[in-house]
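The values are calculated or read from the model by the stated rules, or taken from the named source; none is laboratory data. No experiment lies behind these values; they were computed from the predicted model shown. As a convention, Cβ positions derive from the backbone with ideal geometry for all residues, glycine included, and neighbour counts pool all protein chains shown. Side chains are part of the model used for accessible areas, which takes the heavy atoms of the whole protein and leaves out ligands, DNA and RNA. Shrake-Rupley method; radii C 1.70, N 1.55, O 1.52, S 1.80 Å.
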Amino acid sequence: MSAGATCGPLLCVRGLTKRYGHRIGCADVAFDLDPGEVLAIVGESGSGKSTLLSLIARDLAPDAGTVRYRLRDGTLADLAALSEAERRHLMRTDWGFIRQDAAQGLRMGVSAGGNVGERLMGVGARHYGRIRSTAAEWLGKVEIAADRIDDPPKAFSGGMRQRLQIARNLVTGPRLVLMDEPTSGLDVSVQARLLDLIRRLVAELGLAVVIVTHDLAVARLLSHRMIVMRGGRVIESGLTDQVLDDPAEPYTQLLVASVLAA
Amino acid sequence: MIPLIAFEDVAKRFTLHLRGGLVLPVVDSVSLSVDPGECVVLGGPSGAGKSSLLRMASGNYRCDRGAIRVRDGDRVVDVATAPPREILDLRRRVIASVSQFLRVIPRVGARAVVEAAGREGGLAPQEAARRAAELLARLNLPERLWDLPPATFSGGEQQRVNIARGLVADKPLLLLDEPTASLDAQNRAVVVALIRERQAAGAGILGIFHDADVREAVATRIVDVTRFRAQAAA
Amino acid sequence: MSDEGHRGDARLPGHETDITPSPEPHARTEDLPAEPAPEPGTGYNFAYLDEGTKRMIRRAILKAIAIPGYQVPFASREMPMPYGWGTGGVQVTAAILGRSDVLKVIDQGSDDTTNAVSIRAFFARTAGVAVTTRTAEATVIQTRHRIPERPLAEGQVLVYQVPIPEPLRFLEPRETETRQLHALAEYGLMHVKLYEDIARHGHIATTYAYPVEVAGRYVMDPSPTPKFDNPKMDDCPALQLFGAGREKRIYAVPPHTRVRSLDFEDHPFRVQHFAEPCALCAARGVYLDEVLLDDAGRRMFVCSDTDHCEERRAAGHRGEGA
């Protein structure tokens, strides 16, 4: 884990706001994320945490606020000021997005190798042998057997699909990965394996991560800091273990108390 | 001498919103410091706020008032007000916490848990591996368990992994919350020896030891926490 | 835009509203009976479509020529034939056809399949233009699935019938997204398709509708022509127009445009190779069809381009099966 204090934050979010008519999706959210830092966004369904993630990725356009990202040349760029081409290039090289629904994050009819290789081909790789060996290497890192490289994710279990999504996203060496409930809907034992894999890769690669989860145990295991959202607003934030063990806000206390053992 | 940790007029209380905003005072007016080479033991009955003080020292609990100054080389960081990433940084390099319970990480072997803590604490990978093995051996953890995840271990075995994890790197400040609670006499003696070695090396220790033998063996000073007892809110 | 404006370097054949004198009509080939020209008052405009529609299609064509390989939307009309029978190609042909043009229609290389015969008859009746089977004589060639073996010449127009114009469709079903990918020239996905081929078959097994990059910019589906014909598209002196009726898209490759088939460094593009020559005309280096001769499974390989084969046989070439 890099301290990151020398080069400043990787991601700066300020005043991020999105309304759906009269309903608030997300209101005035602000935070910084350092390189190598894992930030969990927790809250119930409808708290605005997924909206926030979509705003950061600019899948949604905000009504107000900015998302700035430190490019590899050190400049802090406002994502809204980048051209569509630049933004998309950034998203498929320097960013990753692990979706809750693997069908949204993967090409279900394309082989595992093709899924991992897509980003490489997207940035100009044109040597089949090298693309394939890089894909094989990454499948190994996410614990998918080498002989499954030509199988499509349709034939994979839920846990394998999520691991494949991780390989597909990490193959270009991104510095920032957004994760939207990556472990929900999986069996507990499968969840544990996936969490451990994410935890290990994040530490090894020094990834900065914004992870949206309703599962406080996931937040505890993976994140350094967390943000608690309710009704589209941030109501509490801080060190993950501090927020979980000494929650200040009534809602956070309720959230923590509602969990069996976080 | 600049103390390794100094509580200055620290107060803490819990507000239980789920119980109608009930306020539970924990401690008040805490002033207390630990110098290098000292082992300060917190005394007092359970519920007096001993564990809370340790948790505040590591930033796990917030403070309502006051400062908790932790020495980090030439500078001093106030844990009560420091931003999260500074506290995380202190935990990596300065503060070693050992609690009664090991928070288990699924699927990671005991040795790997300890090695990782060593690397995070600034040891070279080889040195971390060497020390991890040495500590686990000294703590009599059977070698056949080293590469197994501690989730399946007994309480005593888990606690020894926890101690090894806390002590593997040379951190200057040790926060020990009943580290010997579920250990037998032989292993308690090992822990006492380890603590003394760190003391001799200039580390400062702030700890809770329920066991009288251990307390006698390591304490340079005992602070009765009941004197920090907070008054119930009006 | 004035009608004269349609005449450029990339020759669009004249049409009936031309005010410039038409060149001498080409001689009709003798083996095809001449269809009667439509009488005024038969109820059909020249080449079936009304002038407004033809003008709209011509505008789309001009735009397509200006942006090689880019799919231009157009207001595709209902044609008196079902989708899948070449309604896109027919509309393009109708829009560019002039009275002096000579039309050839081929389907899988052949001039005498149902599809080819009916489209040829359609234009012979509604436009009264000369029709031919000879590649060399035609000014407009509408095709499904082949490019003639005889090299095309300047001034000729090849009109392709296109079922699915979007090369990225099978990997990315969202039209909004594929448009975005074209706009930003993000074509990694196209290589994913080729990657899948190699992973599955050991080589690029796509043998038709093999994706090409046009003029170094847009990736284009060359319609279901065999990849054997892809090299003919490159630097072709003729104008190539593509019409997709159901999907309402027109695209184009202007004369002498670079058309490159996509591939990998370690799996370069290759065309099919036929071990035997044509059984009828002994031609080598041409695209062959397999013809079953009887129920016992006897078969032979003959030129898919029937005109080319006939021409060679007329010139005295004889294959083993002739």
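Subtracting the Cα-Cα distance from 0.36 nm times the residue separation, let me have the gained length for residue A:154 to residue A:23 in nm, one decimal.
Roughly 43.5 nm would be gained on extension.
For residue C:200 and residue B:81, what is the calculated FRET efficiency with R₀ set at 60 Å and r taken between the beta-carbons, to the nearest 0.05?
0.50
Can you compute 3J(HN,Hα) from phi for each residue in segment C:199-211, using the Karplus curve 6.51 cos²θ - 1.76 cosθ + 1.60 with θ = phi - 60°, rounded to whole Hz and x for Gly and Pro?
4, 7, 10, x, 8, 6, 8, 5, 10, 9, 6, 7, x
Determine the distance separating the Cα centre of segment A:164-200 from the Cα centre of segment B:105-126; give it in Å without decimals.
21 Å
Using a Gaussian network model of chain A whose springs link C-alpha atoms within less than 10 Å, name the residue from A:127, A:224, A:89 with the highest mean-square fluctuation.
Of A:127, A:224, A:89, the Gaussian network model singles out A:127 as fluctuating most.
Accessible area, 1.4 Å probe, largest first: how do B:2, A:131, C:65 sort?
B:2, C:65, A:131
Show the residues, 5+ positions off or on another chain, whose built amide H is closer than 5 Å to the amide H of residue A:26.
A:18
Expressed as a rounded percentage, what relative contact order does chain B have, with Cα pairs under 8 Å and six or more residues apart?
Once normalised by length, the contact order is 30 percent.
On the Cα set of the protein assembly as shown, report Rg and Dmax in Å, please.
Gyration radius and largest Cα-Cα distance of the protein assembly as shown: 37.7, 120 Å.
Which net charge results for the neighbourhood of residue C:78, defined as the other residues with beta-carbon distances under 14 angstrom from its beta-carbon, given Lys and Arg at +1 and Asp and Glu at -1?
Net charge in that neighbourhood comes out at +2.
Probe 1.4 Å, all protein chains in place: accessible area of residue A:221 in Å², nearest 10?
40 Å²
Taking amide H positions as placed in the peptide plane 1.01 Å from N, state which residues far from residue C:246 in sequence (5 or more) or on other chains have amide H under 5 Å from it.
C:84, C:88
Need one number: buried accessible surface between chains A and C, 1.4 Å probe, both sides summed, DNA, RNA and ligands left out, in Å² to 100.
About 1800 Å² of accessible surface is lost on pairing.
Got a sec? What order do C:210, C:218 fall in by accessible area at 1.4 Å, biggest, i.e. largest, first?
Final ranking, largest accessible area leading: C:218, C:210.
On the principal axes of its Cα set, how long, how wide and how thick is chain B? Give whole Å, largest value first.
57, 40, 34
Round to a whole angstrom and tell me the spacing of the C-alpha centers of segment A:60-78 and segment B:187-209.
So the separation of the two Cα centres works out to 49 Å.
So for the pair residue B:196, residue A:184, with labels modelled 7 Å out along Cα→Cβ, what separation do we get in nm?
5.5 nm
Could you identify which residue out of C:229, C:263, C:295 has the top mean-square fluctuation in a GNM of chain C using Cα springs shorter than 10 Å?
C:295
Taking the Cα-to-Cβ direction at residue A:81 and at residue B:229 and moving 7 Å from each Cα, how far apart do the two end points lie in nm?
Here the answer is 6.1 nm between the modelled labels.
Tell me, what is the FRET efficiency for residue B:186 and residue B:147 to the nearest 0.05, using R0 = 22 angstrom and their Cβ-Cβ distance as r?
So, using R0 = 22 Å, E works out to roughly 0.40.
In terms of solvent-accessible area of protein heavy atoms at a 1.4 angstrom probe, what is the ranking of B:63, A:12, highest value first?
B:63, A:12
Got a sec to turn the phi values of segment C:264-275 into Karplus ³J(HN,Hα) couplings, 6.51 cos²θ - 1.76 cosθ + 1.60 with θ = phi - 60°, whole Hz, x for Gly and Pro?
10, 4, 9, 9, x, 4, 9, 8, 4, 10, 9, 5
Residue-wise, which Karplus ³J(HN,Hα) couplings in Hz belong to segment C:60-65, taking 6.51 cos²θ - 1.76 cosθ + 1.60, θ = phi - 60°, and x for glycine or proline?
3J(HN,Hα) across segment C:60-65, in whole Hz: 4, 5, 4, 5, 4, 5.
What spacing in nm lies between the two simple spin-label points modelled at residue A:71 and residue C:208, each 7 Å away from Cα in the Cβ direction?
A separation of 4.6 nm, rounded to one decimal place.
Using bins 5 angstrom wide from zero, how does P(r) for segment C:273-322 break down, in % of all Cα pairs?
Computed distribution, short to long bins: 5, 24, 32, 23, 11, 4, 1.
Quick query: amide H of residue A:98 versus all other amide H atoms, modeled in the peptide plane; which residues come in under 5 Å with a sequence gap of 5 or more or a different chain?
A:178, A:179, A:180
What relative contact order, as a whole-number percentage, does chain A give when Cα pairs under 8 Å and 6 or more residues apart are counted?
26 percent
If you take the C-alpha gyration tensor of chain C, multiply each eigenvalue by 5 and take the square root, what semi-axes do you get, largest first, in whole Å?
Over the Cα atoms of chain C, the semi-axes work out to 31, 28, 17 Å.
If I build a Gaussian network model for chain B, linking alpha-carbon pairs within less than 10 angstrom, which residue out of B:126, B:199, B:100 has the largest mean-square fluctuation?
Fluctuation is largest for B:126.
Taking R0 as 22 Å, what's the FRET efficiency between residue B:210 and residue B:154 from their Cβ-Cβ distance, rounded to 0.05?
0.70
If you average 1/r over all unlike Cα pairs in chain A and invert the result, what Kirkwood radius do you get in angstrom?
Radius from the Kirkwood sum: 18.9 Å.
Among A:138, C:257, A:208, whose Cα projects farthest towards the positive end of the dipole of the protein assembly as shown, with charges put on the beta-carbon of Lys, Arg (+1) and Asp, Glu (-1)?
Toward the positive end, the furthest listed residue is A:208.
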